[in-house]
Structure formats: C-alpha cells, structure tokens
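Q: So that we are looking at the same thing, I have put the structure below in structure tokens.
The values are calculated or read from the model by the stated rules, or taken from the named source; none is laboratory data. Just so it is clear, the structure is predicted and the values come from calculations on it, not from any experiment. Positions of Cβ are backbone-derived with ideal geometry, glycine not excepted, and every protein chain shown enters the neighbour counts. Only protein heavy atoms, including side chains, enter the accessible area calculation; ligands, DNA and RNA are left aside. Shrake-Rupley method; radii C 1.70, N 1.55, O 1.52, S 1.80 Å.
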Amino acid sequence: MMEVCYWLFDLHSLNACMAVSKQVLARFNRARAARLTLPHFVCQTPLFMPVGTQGTIKGLTTNQLEEIGCQIILGNTYHLALRPTSELIDELGGLHKFMNWPRALLTDSGGFQMVSLLHLADITEEGVTFQSPVDGKPMLLTPEESIHIQNRIGADIIMALDDVVKTTITGPRIEEAMYRTLRWIDRCIADSYAIGGLAGGEDKDSFWRVVAQCTAALPEDKPRYVMGVGYPLDIVVCSALGADMYDCVYPTRTARFGTALVPEGVLKLKHNAMANDTCPIDPTCGCMVCKNYTRAYIHCLVTKDAMGSQLLSYHNLYYMMKLSRDLHSSIVEERFPEFVCDFLQKMFPKGDVPEWVCNAMEVAGIDISSCCSPFHQVRQVAGMDLLKAGLIDQD
C-alpha cells in the first residue's frame, strides 16, 4: 500500500511554511543520490533511519548517533502520545530538545499499530480507537489528530494516517483499506510518498516488484520512503530501483540477540566459536567497537552483560550509516554498478545470488553477471541483452 508523508511546515503549527528542498545530485538508471534539506538537517540519500520508538535508540546516546553519522531518527507517534504525551513534549520545547537531538526527526502516523496492536484497536471511518496498553483507557486517533500530535512533537517529516493491514491478508479488506487510506489522506496535507505495507512477511519476489512498480509511477521530484525495510540487501536492491529512505528496528533488535552485521551477512557473537576469537567483529570496519574490542570479549558480554548489546547496536548502526554513505557516493561518483557487484560478491561469494535479486537488478538495469554463478550469469546476461534491445521495459 502506498502512503503519503509530508514535511513539517512549522514546529508547532500548520500555518507558516518552512523551507524544505530536495535536489537530485546524480543518477544511475533508476537509482538516485539526492540532497534533502530539512528544518533541522541537510541529509544525503539514500539514507537509513534508526527507530527510536519513544525518543531513544536503545543503548546509544544522541552524541554517539551523531558520531556514526546518523541523519534522521524515527519516533513513534502512538507510543509518544501515550507516554510521556505529546502535550508534555510540546511544553518542554519539542522532541528535539526533549531528547537532545539536533538533527532531523521523522514521526510515523500511528497507523502501524493497527497491525501490531490489532487486538487493542477498533477501526472505523472516523479513525482508530486503541485501548491503551498503559492504563486500558480508549484513545481515538483520527487523521487530523495524528497530524496535530506530530506537530506538537515537532518532527521534520510527518506521516499521514493510513488504514494498515497485514501484507499477507487477501480479499475485500485490502480494497477497503486502500480507499479508506485515500479518504484519510484527503483529510491531511500531502507532499511526499512512502511505500508502506511491506516488510511484513510477504515473499521477496512480491516485495521487490511492488517497490519497482511504485517507484516507476511516483513523481521524480519527491522523496520515496520504503517503510520498515532494514536488511542491507533489501536497501541496496530498493535503492537500485529508485527508493531513497528506509527505517527498521532490525539493526538494533538483532544486536540485542548477539548478532552483528558484516559484509558477508551476519555474525552471531553468542556462538561458542567466538569465545576465543581475537579478531574484531569486522576487520574492515572503522567503528569504535571494531577498533577496540575483540569478538571474544563481546561474546563474553552478550551472554552475561547488557554492554554487549550496546556495543553491537553501535556497530550495526555504524554499518547501516556507512552503507547509506557508500550508496550515495557510488551513485555520485558514477560507480554504482561496481558497488552493487562488490556488495553482492561479499555477501554471496559462491555466486548464489537469490533469484529475486537477479530479477530486480534486471529491471534496475544493473549487470551483476560477474558476481553470479554460471547459471545466473547466463540468465542475467540474457536479461540485460533484452533490456538493451528494448524488449524489457526498465520501468
């Protein structure tokens, strides 16, 4: 489902417009690198946004987030409205001041809780009535109230309320949700576009095709935000297809389970094989954790101490910020196909690149035959030849 987001026009009202701009700096086919100027920060896309549900990224300070190059943090409208309340945040000067974060903030609409808290929600044309998980009291969230709450919070980018359904649902509920979302969007102010309803259990072949279809149809001069997407491979594929922004709890959540993101995929620090390993998490990584700590030390921590998940959260978010920077620079420096191939070669050294990735790269117009197994090479080259001959529509 496609959703609409729009930039905050004023930190406390919808009346006065603040200057916001997006400038595309470079492209490779669908992929684009842009400069996004927001009230609190000038961002470079593609970019990844860590999720700070209640005004914090678990285990990390805002200074550390600045240190690793974080540009935007995502806050959860529903949970912030419940506790500490948007009124209190507004009284204390907005979420930026409240959490001591000088850079950009994006707040969601609260719509996702229709799925995650479905047992507490009642959806009507007026809005969504939630039963508070804090005190059990009902809370009505309308499209208008969602916007008012986000303005009180003071985010740079705010989202329109949508009727969210699980990606695996079929039947008339899908059509109902789509048309209700459109009616609710008419009750809000639209400017930019978010591709939502993904990363919820659908198969990867459906995932990339929906992204490809949406980015082909969306206006070129607007940012494109793929909500809830946080796997590095997914971000590379979506960027190749023309998406700009991403968010997910994955890097920090997987850190709390003792897992680190590395170019080869993931490294499970709880595994017994890590107990005597004196290497850093990733020898090629320049983060503070990889410079100062061994796998053995972090293995010891993740099995006994919360510091382990904090160090892994730092490393994982550093990895995601570097991935964002590398995507941006590779497009600007006209070496995006080489970056994609290098990324895939490290993650799939045997050439067993998933078929859905090969299919997506064909549509994106990127030749990855050099990093595929012989079978995939033949398929990829054939696809690229058809694309160049005009027999496959790149869009």
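Q: Test of understanding: among ALA155, ALA194, ALA260, which residue is open to solvent by less than 30 Å² (accessible area, probe 1.4 Å), assigned to a strand (DSSP E or B) and closer than 30 Å to THR124 by Cβ?
A: Checking each option against the conditions leaves just ALA194.
One line per residue, one yes/no per condition, for (1) over 27 Å from VAL332 (Cβ atoms); (2) within 15 Å of the chain's Cα centre (by Cα); (3) not in a loop (DSSP other than H, G, I, E, B):
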residue	(1), (2), (3)
GLY200	yes, yes, no
SER206	yes, no, yes
ARG209	yes, no, yes
ASP221	no, no, no
GLY230	no, yes, no
CYS238	no, yes, yes
ALA243	no, yes, no
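Q: Only one residue in VAL165, VAL229, VAL210 is in contact (Cβ under 8 Å) with a residue 40 or more places away in the chain and aliphatic (A, V, I, L, M). Which one?
A: Criteria check complete, one pass: VAL165.
Q: Can you tell me which residue within the stretch 131-152, out of those that are polar (S, T, N, Q) and farther than 19 Å from GLY75 by Cβ, is surrounded by the fewest Cβ atoms within 10 Å (Cβ to Cβ)?
A: The extreme case among them is GLN131.
Q: Can you find even one residue in the stretch 211-218 that is among the polar types (S, T, N, Q) and either crowded, with 21+ Cβ neighbours inside 10 Å or touching a Leu at 6+ places or on another chain (Cβ under 6 Å) (or both)?
A: Among the residues of the stretch 211-218, at least one is among the polar types (S, T, N, Q) and either crowded, with 21+ Cβ neighbours inside 10 Å or touching a Leu at 6+ places or on another chain (Cβ under 6 Å) (or both), which makes the answer yes.
Q: From VAL128, VAL164, which residue is among the hydrophobic types (A, V, I, L, M, F, W, C), open to solvent by less than 40 Å² (accessible area, probe 1.4 Å) and modelled with pLDDT under 85?
A: When all the criteria are applied, what remains is VAL164.
Q: Additional query: Quick one: in the stretch 322-347, of everything that is in contact with a Pro (Cβ under 9 Å, 6 or more places away or on another chain) and open to solvent by less than 30 Å² (accessible area, probe 1.4 Å), which residue is nearest to MET288 (Cα to Cα)?
A: The selected residue is LEU323.
Q: Which fully enclosed helices (runs of 4 or more DSSP H) of the stretch 266-364 have 3 or more residues being in contact with a helix residue (DSSP H, G or I) (Cβ under 7 Å, 6 or more places away or on another chain), closer than 30 Å to ASN29 by Cβ and touching a residue at least 40 places away in the same chain (Cβ under 8 Å)?
A: 307-332, 336-347, 355-364
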